[in-house]
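Remarks on the structure that follows.
The values are calculated or read from the model by the stated rules, or taken from the named source; none is laboratory data. Please read all numbers here as calculations on a predicted model, not as lab measurements. Every residue, glycine among them, receives a Cβ derived from its backbone with ideal geometry; neighbour counts consider all protein chains shown. Side chains included, ligands, DNA and RNA excluded: accessible areas come from the protein's heavy atoms. Shrake-Rupley method; radii C 1.70, N 1.55, O 1.52, S 1.80 Å.
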Amino acid sequence: MEEINTKPEIGLDPADWNDIKTLGYQIIDDMVNYLQHVGERKPWTAIPQDVKDKFKNPIPLKPTGIFEIYEEFKQNILPYPGGNIHPKHFAWVQGTGTPMGAFADLLSGVMNNNATIADQSALYVDKQVINWCKELLNYPADGSGILVSGGSIANITALIVARNTIITNAKNAGVYAAPGKLTAYCSAETHNCLGKAAEVIGIGNEQLRRIRVTDLYEIDIEALKSKIQEDKANGFIPFCIIGNAGTVNTGAIDPLNELLQIARNEQIWFHIDGAFGALAKLVPVYQNRLKAIEEADSVAFDLHKWMYMQYEVGCVLFKDAAAHKQAFANPVNYLTAHDRGLAAGPETISNYGMELSRGFKALKVWMSLKEHGADKYAAMIAQNIDQAYYLGVQVQQHPKLELMAPVTMNIVCYRYNPGNLDDEQLNMLNKELLMRMHEQGVAAPSSTLLQGKYCIRVAIVNHRTRRQHLDEMIAGTVEIGNILMKEFEK
Ligand SMILES: *Cc1c(COP(=O)(O)O)cnc(C)c1O
């Protein structure tokens, strides 16, 4: 018989709970201070090489004290963020988060729920948050939904359900069971995650038809209609139309009502990628243009973008709850619900998405919506839109700046253009200008190419931004542009 090991047993809780308490108070003091003064720092700071090198050290085998770890965090990690919590961060589409949202993440970290299964509060909060999301968008109350890591997975989740709705027995037979090649339709301005979704669901990227856009960067309806007819004539099987409620490049909203009509006529799935733009529906002047969201078979949107909540949290809603469940629910012995006890709880959330283990991201949504109320979010989003229009006007009024796309929501694309350069020179000039803006800490927009022209791209999903920050960015753009022109002329 083997000898039983009677060595003292170990665990990972602190040896001295007072230490963790002391550190905890210190962290709260430091972090609240950090947030309060976020705007006084630069929007972005380059990481020195010696700091980058520190992240190449091998795995620690022996313990490091918690105070020392925290010091290292303050020295090497905290000073070099992407900067999206800064009032002058306008790059990509990155939300700001809130202090209470950070606390919610701390609290869910303490509870450390696996918010999938069991009769536990997290599942009820999750369910309530999904219902609130439906209310936000005036989506049918009997629809279903799931919180996921973000828009990409939300869109993929939607396309999985759409595919399984068109192919009977898709779960067992896969796309091979379709009587032809499936095709989906979206505008050429559609986010690249839908290309990934087409790859994941097995139809392949080529079968996602990217239809050309109009001068307003909206899908060309006639081109869409004729592509669908052409595909049908060639034996393809159109199964889904994807509309944009806010494209990533310019914030364009596709003519969603017309897309809905086409989808209904063709009797195919209508999905909306509203990663950020769906939330503009909270603003009265956008309600009509985004009304089709209420009728869409599925809609994907992020709470970590234009709802200003902590990463990560996105949502996808489905009109047909049964179809949603059918796509993901596979009865398995170890997940069976019981009559009473821990396993009595609501149905496992894994019946509604790809993930089994999932964090309690619903808590930050729940706390944030309670803290501010939906009306405050509507006002906040309206303010960001007003700021974008304000910025558009500043650009148009400046003789050395050029507005590169119409402002329709919260995105502004512009460039420095003193008037005597060709597009190739302007592209080089503006790229250099943007990098200097970042390095000098003027502001942090990002870039895009519109019809081959390099643009400085400003997306405002930032509750800390004020008009003054936009003025400073404009002044900085012109100042750096003028310096570059002098260097250029030498
Ligand atoms: C950001 C974005 C996505 C992807 O969302 P993630 O949360 O980053 O995964 C999809 N579509 C649009 C229009 C987006 O702006």
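Things to note:
- Looking across the stretch 302-325, the residues that are touching an Asp or Glu at 6+ places or on another chain (Cβ under 9 Å) and more than 14 Å from the ligand (Cβ to nearest atom) come down to Phe318, Lys319, Asp320, Ala321, Ala323, Lys325.
Results for (1) more than 20 Å from Val316 (Cβ to Cβ); (2) among the charged types (D, E, K, R); (3) open to solvent by less than 10 Å² (accessible area, probe 1.4 Å); (4) in the same structural domain as Trp306 (by TED's automatic domain parsing), shown as yes or no for each residue.
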{"site": "Asn131", "(1), (2), (3), (4)": "no, no, no, yes"}
{"site": "Pro140", "(1), (2), (3), (4)": "no, no, no, yes"}
{"site": "Cys186", "(1), (2), (3), (4)": "no, no, yes, yes"}
{"site": "Leu224", "(1), (2), (3), (4)": "yes, no, yes, yes"}
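- Summed over the stretch 373-399, residues that are of a type in the set (Lys, Arg) and touching a strand residue (DSSP E or B) at 6+ places or on another chain (Cβ under 6 Å) total 0.
- Flag for Leu434 being buried (at least 23 other Cβ atoms within 10 Å of the Cβ), part of a helix (DSSP H, G or I) and of a type in the set (A, V, I, L, M): yes
- Unmet criterion (only one of (1) within 16 Å of the ligand (Cβ to nearest atom); (2) crowded, with 23+ Cβ neighbours inside 10 Å) for Val213: (2)
- Unmet requirement for Ile228, which otherwise passes all of (1) within 16 Å of the ligand (Cβ to nearest atom); (2) farther than 27 Å from Asn384 by Cα: (1)
- Residue in the stretch 330-343 that is of a type in the set (Val, Ile, Thr), at negative phi, assigned by TED's automatic domain parsing to the domain that holds Ala170 and not in a loop (DSSP other than H, G, I, E, B) present: no
- Some residue of the stretch 309-324 being in a helix (DSSP H, G or I), open to solvent by less than 10 Å² (accessible area, probe 1.4 Å) and touching a residue at least 24 places away in the same chain (Cβ under 8 Å): yes
- If only residues of the stretch 236-251 that are assigned to a loop (DSSP other than H, G, I, E, B) and more than 10 Å from the ligand (Cβ to nearest atom) are counted, the one that is farthest from Phe90 (Cα to Cα) is Phe236.
- Among the residues of the stretch 284-301, those identified as open to solvent by 80 Å² or more (accessible area, probe 1.4 Å) and either more than 16 Å from the ligand (Cβ to nearest atom) or not assigned by TED's automatic domain parsing to the domain that holds Ile156 (or both) are Pro284, Val285, Gln287, Asn288, Lys291, Glu295.
- Selection from the stretch 437-457 of residues that are part of a helix (DSSP H, G or I) and open to solvent by 10 Å² or more (accessible area, probe 1.4 Å): His438, Glu439, Gln440
- Count of residues meeting criterion [under 27 Å from the mean Cα position of the chain (by Cα) and part of a strand (DSSP E or B)] in the stretch 377-418: 6
- Once the stretch 199-210 is narrowed to residues that are assigned to a loop (DSSP other than H, G, I, E, B) and open to solvent by less than 20 Å² (accessible area, probe 1.4 Å), the residue that is farthest from the ligand (Cβ to nearest atom) is Ile203.
- Residue within the stretch 109-120 that is part of a helix (DSSP H, G or I) and either within 16 Å of the ligand (Cβ to nearest atom) or buried (at least 22 other Cβ atoms within 10 Å of the Cβ) (or both) present: no
- Test result for Glu258, surrounded by fewer than 19 Cβ atoms within 10 Å (Cβ to Cβ), modelled with pLDDT of 95 or more and within 16 Å of the ligand (Cβ to nearest atom): no
- The number of residues in the stretch 163-198 that are within 15 Å of the ligand (Cβ to nearest atom) and part of a helix (DSSP H, G or I) comes to 7.
- Unmet requirement for Thr98, which otherwise passes all of (1) more than 30 Å from Ile146 (Cβ to Cβ); (2) open to solvent by less than 90 Å² (accessible area, probe 1.4 Å); (3) among the polar types (S, T, N, Q): (1)
- Any hit, the stretch 266-279, residues being more than 11 Å from the ligand (Cβ to nearest atom), open to solvent by 10 Å² or more (accessible area, probe 1.4 Å) and assigned to a loop (DSSP other than H, G, I, E, B): yes
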